[in-house]
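What follows is a set of notes on a single structure, which appears directly below.
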Amino acid sequence: MLRTIHDHDARGVPAGRLRDIEALADAALSRLDEQSLLKALLERVKRVLQADTAAVLLLDRAAGQLVATAASGIEEEVAQGVRVPLGAGFAGRVAASGEPVILTTVDHTTVRNPLLVARGIRSLLGVPLFAGGKIIGVLHVGSLSGRPFGQQDADLLQMAADRAALALHSLMSQDDALAAVALHRSLLPATLPAVPCTSLAARYVTGSGNVGGDWYDVFPLPDGRLGVVVGDVAGSGLEAAVIMGRMRSALRAYVLETADPAEALRLLDRKIQYFEPDAMATVLYGLYAPGTGEFVFSSAGHLPPVMAAPGRPAASLPVRPDPPIGAADDLRRRSATAFIPRGALLCCFTDGLVERRDDSIDHGVGKLAAILDERIASGPGVAGPGVAGPGVAGLGVAGLGLGGTAGSAAEDACAAVMRALVGSAPAHDDIAVLVLGRHPAPRVPAER
C-alpha cells in the first residue's frame, strides 16, 4: 500500500519528541564536514525514527534518475550504484511529487529497487530533498519489523532532509567547482606556441570565483599558419566547462579538414546542434599567416578583435558576425580577411573584458582600443627568441593566467589591458584575452 501525505495536522509535537528534534538540529552537526555530517545524520535518523535503514538518493537531471549516494543499514544501494527512474516506484514517486510518501507494503509492485525487498524491509517513509526551491533527491528510511510511520515521523524526517540537503548542495557545488577548474585548466594551452616574427600572450580570469565557458586556443597548423580561437559558452560552472571542452576539441578536428574558418564554424555548429541541442556559444576563429600578416577569420556572434597599428587609430576589425553556435539551423557562414601590419597588435577577447553592468560594450571596446594605441605609441617591446608562455601561472581568486615571453610586445600589451580594464576588482564574468603582436620590420644598418 502506498500513501502520500499532503496535509500537515495542527497537533503539537509530544514532549518525548523534543529530544528527537534536538538530536536532528544539534548545532554540533554544523561543525562536521559535509560527508561526516551526512553519515552522522543518517545514523541519528535511524535512531530517532526507530528505523533499520536510511538512504539518500540524488537526482541526476540529465538522466532523469535518482542515484544512491549515501546509506546506512542498506549500504549495498550505494555499492551497487542503484538508479531509480524519476516517477517510478517508491523513491521515484517521492521525487516526482515533492511530497512525503509512506509505504506499508514493500514488494515488486510498489518498489523499483529489488534490494529493498531482498533486505526484508516491510515499511518505508520517504521525503524530498530541496535546495534552492528545487528537488535534488530523496531521503528514505525503512523498517524490518513493519512499524507504521506517521505524520510526526514524516515531519521529523523532513527536518533531517532539509539539513541533509544543505550539506549535499554544498558538496555538489564544491565538486562541480573543483571539476570545472580542473577541466578548464587542462583545456587551456599550457604554453603558447613559438611563431616566427610573432609574440603571443594570453589571460584567463574566472568570474566571481565561478569557472565558466570562456576559452582561448592557439595552435600552429601544418601549412605554417596559426589558428586563433576565442569563445564564450553560455552559462557557467561544470556544465559550461564541459561544453567548452567539447567545442574546443571538435573545432580542433574541423580545422584540419578545411582551410576556411567559416566552414570550420559551420561544421562545429552542426555538430553542437545535433549532440548538444541546448548549448549556445559565440566563437571567433581565425587563421594568421606570420609571413604576410594575413588574418582570415569568421565570427559566430562573437565580438571582433581590436587591432592597433603604427600610423592609424586602433579599431575593431570590420566583420559582420554570423549567428552564434547553436542559435540557427545549418547556414552558410562568412569569412573576412584583414592584414596585420608589422609592429601591430591584435587583441581577441570575450565580452567579460569590456562589458560592465553600468556601461556599454562600445565604451569598453573604446577603452581597449585606447590602451592598445598607447602601447603602440610607447614603441615595440623587446621580443624574445620565441613566444612560449610559462604555462599555468597559478589559479587563485583571480583565476588562471597564461603569459607570453617576458618583455614581448604582446605580453606588455596584455598586462596593460588587464591592468586598465580589470584592475583589482573581481570580475563579474569570465574573461579570456589573447594578444598577438607582429614584430616590426628589422632595422637596416645605415651605410657609412
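Annotations
- Among the residues of this structure, E77 counts as one that is crowded, with 18+ Cβ neighbours inside 10 Å and among the acidic types (D, E).
- Whichever residue in region 351-367 is buried (at least 16 other Cβ atoms within 10 Å of the Cβ) and among the aliphatic types (A, V, I, L, M) and, among such residues, is nearest to L434 (Cα to Cα): L353
- Count of residues meeting criterion [polar (S, T, N, Q) and open to solvent by less than 50 Å² (accessible area, probe 1.4 Å)] in region 246-260: 1
- Test: L287 is at pLDDT 95 or above, farther than 29 Å from G343 by Cβ and open to solvent by less than 20 Å² (accessible area, probe 1.4 Å): no
- Region 318-340: number of residues that are of a type outside the set (G, A, S), more than 9 Å from S299 (Cβ to Cβ) and out of contact with any helix residue (DSSP H, G or I) (no Cβ under 8 Å at 6 or more places or on another chain): 6
- Members of region 211-268 that are in a strand (DSSP E or B) and of a type in the set (D, E): D214, D217, D232
- Residue in region 78-92 that is of a type in the set (S, T, N, Q) and in contact with a Ser or Thr (Cβ under 9 Å, 6 or more places away or on another chain) present: no
- Counting only helices (runs of 4 or more DSSP H) that sit completely within region 66-143, those holding 2 or more residues that are at pLDDT below 90 correspond to 76-79.
The values are calculated or read from the model by the stated rules, or taken from the named source; none is laboratory data. Predicted, not measured: the structure shown is a model, and the values here were computed from it. Don't worry about glycine lacking a Cβ; one is built from the backbone with ideal geometry, like all the others, and counts go over all protein chains shown. Just so you know, the surface numbers come from the protein's heavy atoms only, side chains and all, with ligands and any DNA or RNA stripped out. Shrake-Rupley method; radii C 1.70, N 1.55, O 1.52, S 1.80 Å.
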